[in-house]
Amino acid sequence: MRDVSIIGIGQTEVGEHWGKSLRHLAGDAVLAAMRDAGVERADALYVGNMLSGELNGQEHLGALIADFVGLRGIEAVKVEAACGSGAAAVRMGYLAVASGLLDVVIVVGVEKMTDQKGPVTTASLAMAADAEYEVVNGVSFVSLNALLMQRYMHEYGVRHEDFAGFPINAHKNAATNPYAMFRKPISLETFKRARMVAAPINLMDSSPVADGAAAVVLAPSDVARKFQPLSVRIIGSANATDALAVHDRRDPLFLSAAALSAQKAYRQAGIGPNDVDFFELHDAFSITAALSLEAAGFAERGRGVYLAKDGEITLGGRIPICTFGGLKARGHPVGATGVYQVVEAVLQLRHQAGPNQVKNARIGMTQNIGGSGATVITHILAAEG
Ligand code: COA
C-alpha cells in the first residue's frame with residue numbers, strides 16, 4: 001500500500017443556494033480543488049451524496065459531475081452512507097490511491113437540501129434510520145437524537161444548559177469562516193431561549209438544513225510535493241459500522257462504531273487521542289458532539305458534555321473542535337459534510353486558517369457519522385515537512 005496525500009482543496013459557501021443547481025455547486029468545489037492542486041486531469045471522481053434522488057430528482061451523479069467539470073470519460077461513481085457519505089467517498093478515494101490502481105483521484109461531497117419544504121427533507125433524512133422498525137413508528141432524525149439526549153441527561157444527571165458550550169463554540173468559530181452558514185456568535189441566553197425542535201433538542205442544539213459542496217484531490221505522497229508544497233498526508237483512515245436501529249444497540253449511549261473507527265485510525269497512524277491537535281467531529285446535534293468526544297477517547301463516559309462546559313473545546317483549549325463552525329454553524333449539507341471536515345483540517349494543517357488557526361497544529365482528526373451512529377468514518381491527517 002502507498003501513502004496518500006491531499007494536494008488540493010475547494011469548497012463553496014454553505015447556505016441556501018437557490019440560484020445554483022447540484023452540478024454547479026459540485027462543479028465549483030471540484031474546479032477550485034483542481035486549481036489548488038494544479039491538476040487538469042484525474043483518474044477518477046468519487047461523489048459523496050445522500051439525497052440527490054429524493055430531493056433533486058437526480059441520481060447518477062458520478063457521470064453527471066465528471067462530464068460537467070470537463071472530465072468526461074473517467075471512472076466516476078456516487079458513494080452513499082447517509083450523513084457519512086462525504087467521508088465514505090474520501091475513504092474510497094484513499095483506498096484507490098493507496099492500492100496503486102489510481103494516481104490522481106478527486107472526491108467531492110455535495111448536497112442540495114433547501115429546494116424542498118421542511119417535511120419532505122425531514123422524511124428524506126429519516127431514511128438513514130431503520131425504515132421497518134424505527135421510521136414506521138414515526139421517528140424523525142431529530143426526535144431519535146432527542147431520545148438519546150434525554151437518556152444522557154437522565155443517566156448522567158446533566159442539565160440541558162450544560163450543552164450550551166457546543167453551539168456557543170461552533171457559532172464563535174463560524175463567525176470568522178467566510179464559507180459558514182451562520183456567521184454570528186450566540187450567547188448562553190440565546191441558547192436558553194431558542195425554540196424547541198424536539199424536546200430537549202432546541203434550535204441551537206441542531207444543525208441546519210443546507211446546500212453546499214466541498215472537494216479534495218488525492219495523490220500518492222511520494223509525488224504530492226510536485227503538485228502542492230503544502231500537501232497533507234492521510235495517516236489514518238477507517239470506516240466502522242453498528243446496528244442501524246438504535247434499539248438494536250448494546251448501549252444506545254455509546255457510539256461503538258465511532259469508537260471502533262477511531263481506534264482503527266489511531267492504530268494505523270500510530271498515535272492516540274493525546275496526540276491529536278484538533279478534532280472536526282460530527283456535531284449534528286449537541287448530544288452527538290458529547291457522545292463523539294467520549295467514543296473517540298477524549299472524555300470518559302458521561303463526561304463529554306463537560307469538555308464544552310469547561311471551555312476545553314475552544315480554539316485555544318485542550319481539544320479544539322468545530323474549528324470553522326462545525327455542522328451546527330458552518331452548516332450540514334449532509335453528503336458534503338465529511339469532505340468539508342477534511343478541507344477544514346487541511347486548512348489548519350497548512351496553517352491557512354486565519355483567525356480560526358489552532359496554534360502549532362500538526363495532527364488533526366475528522367469523524368463523519370452516518371445515521372444515528374451506524375456508519376462512522378474517521379480520518380487522521382498530518383502536516384508534511
Ligand atoms: N440553528 C440556528 N438557526 C437556524 C437553524 C439552526 N439549526 N435552522 C434554521 N435556523 C434559522 C434560519 O436561519 C431562519 O432564520 P431567519 O428567520 O432569521 O431567516 C429561521 O431559523 C427559520 O428557518 P427555517 O429553515 O424555517 O427553520 P425550520 O424550523 O424549518 O428548520 C430545523 C429548523 C432545526 C427543524 C431544521 O434545520 C432541521 O430539521 N435540522 C436538522 C437536520 C438534520 O436532521 N440533519 C441530519 C442530522 S445527521
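Bear in mind that the values in this text are calculations on the coordinates, not laboratory data. Since the model is a prediction, treat every value here as computed from it, not as a measurement. Note that we place each Cβ from the backbone using ideal geometry, even for glycine, and neighbour counts take in every protein chain shown.
What value, in deg cm²/dmol to 500, does the helix sum -39500 (n - 2.57) over DSSP H runs of n ≥ 4 give at 222 nm once divided by the residues of the chain?
Result for the chain, helices only: -10500 deg cm²/dmol.
Using Cα atoms only, what is the angle between the long axis of helix 286-295 and the major principal axis of the chain, expressed in degrees (0 to 90) to the nearest 10?
Tilt relative to the chain: about 70 degrees.
As a test of the definition: which semi-axes, in Å, follow for the range 62-102 when you take the square root of five times each eigenvalue of its alpha carbon gyration tensor? Largest first, please.
19, 16, 6
So how strong a dipole does the range 292-355 carry about its Cα centre when Lys and Arg Cβ are +1 and Asp and Glu Cβ are -1, to the nearest 20 debye?
I would put it at about 80 debye.
Please work out the C-alpha center-to-center distance from the range 83-109 to the range 306-385 and express it in whole Å.
So the separation of the two Cα centres works out to 19 Å.
Calculate the all-directions average of the projected area of the range 240-385's alpha-carbon convex hull, and give it in nm².
For the range 240-385, averaging the hull's shadow over all directions gives 8.2 nm².
May I ask for the net charge around Thr176, where only other residues with Cβ less than 13 Å from the Cβ of Thr176 are counted and Lys, Arg are +1 while Asp, Glu are -1?
Net local charge, Thr176 excluded: +3.
Bin all alpha-carbon pair distances of the range 280-364 at 5 Å intervals from 0 and give each bin's fraction as a whole percent.
Values per bin, smallest distances first: 3, 15, 26, 25, 20, 10, 1.
Just Gly370, Gly236, Gly53 to compare: in a GNM of the chain, with alpha carbon springs under 10 Å, which one fluctuates most?
Gly53
Near Tyr94, within a Cβ-to-Cβ distance under 14 Å, what is the net charge of the other residues, with Lys and Arg +1 and Asp and Glu -1?
Overall, the nearby charge balance is +1.
At a temperature of 20 °C and a viscosity of 1.002 mPa s, determine how fast the chain diffuses translationally according to Stokes-Einstein, using the Kirkwood radius over alpha-carbon pairs as Rh; express D in µm²/s, rounded to the nearest whole number.
So the translational diffusion coefficient is about 106 µm²/s.
7 Å from Cα along Cα→Cβ at both Asp251 and Glu161: what's the point-to-point distance in nm?
According to this spin-label approximation, the distance is 2.9 nm.
Residue farthest toward the positive end of the dipole of the chain, with Cβ of Lys/Arg at +1 and Asp/Glu at -1: which of Asn145, Gly212, Gly304?
Final value for the positive-end residue is Gly304.
Label-point separation (nm) for Gln268 and Val77, each offset 7 Å from Cα along Cα-to-Cβ?
1.8 nm
Can you tell which of Val136, Val105, Val30 shows the greatest fluctuation in a Gaussian network model of the chain with Cα springs below 10 Å?
Highest fluctuation of the listed residues: Val136.
Within straight cross-link reach of Lys359, meaning Cα distance under 17 Å, which aspartates and glutamates are found once same-chain residues fewer than 8 apart are removed?
The qualifying aspartates and glutamates are Asp275, Asp277, Glu280, Glu312, Glu344, Glu384.
Please tell me the relative contact order of the chain in percent, rounded to the nearest whole number, where contacts are Cα pairs under 8 Å and at least six residues apart.
26 percent.
Work out how far the C-alpha atoms of the range 203-304 reach from end to end along every principal axis, then list the three figures in whole Å, largest first.
49, 35, 25
If you rank Glu344, Glu134 by fewest surrounding Cβ atoms within 10 Å, what's the result?
Working: Glu344 28, Glu134 23.
With the fewest neighbours first, Glu344, Glu134 line up as Glu134, Glu344.
May I ask you to list the aspartates and glutamates whose Cα is less than 18 Å away from that of Lys184, ignoring any residue fewer than eight positions away on the same chain?
The qualifying aspartates and glutamates are Glu13, Glu16, Asp205, Asp283.
So how strong a dipole does the range 1-152 carry about its Cα centre when Lys and Arg Cβ are +1 and Asp and Glu Cβ are -1, to the nearest 20 debye?
Computed charge dipole of the range 1-152: roughly 140 debye.
Could you give the length gained by full extension between His24 and Glu300, i.e. 0.36 nm per residue of separation minus their alpha carbon distance, to one decimal place?
95.0 nm
What angle do you read, to the nearest 10 degrees and between 0 and 90, between the alpha-carbon axis of helix 334-349 and the longest principal axis of the chain?
70 degrees
Enumerate the lysines that Lys78 could reach by cross-link, defined here as Cα to Cα under 26 Å, with residues fewer than 8 away along the same chain left out.
Lys20, Lys112, Lys117, Lys264, Lys328
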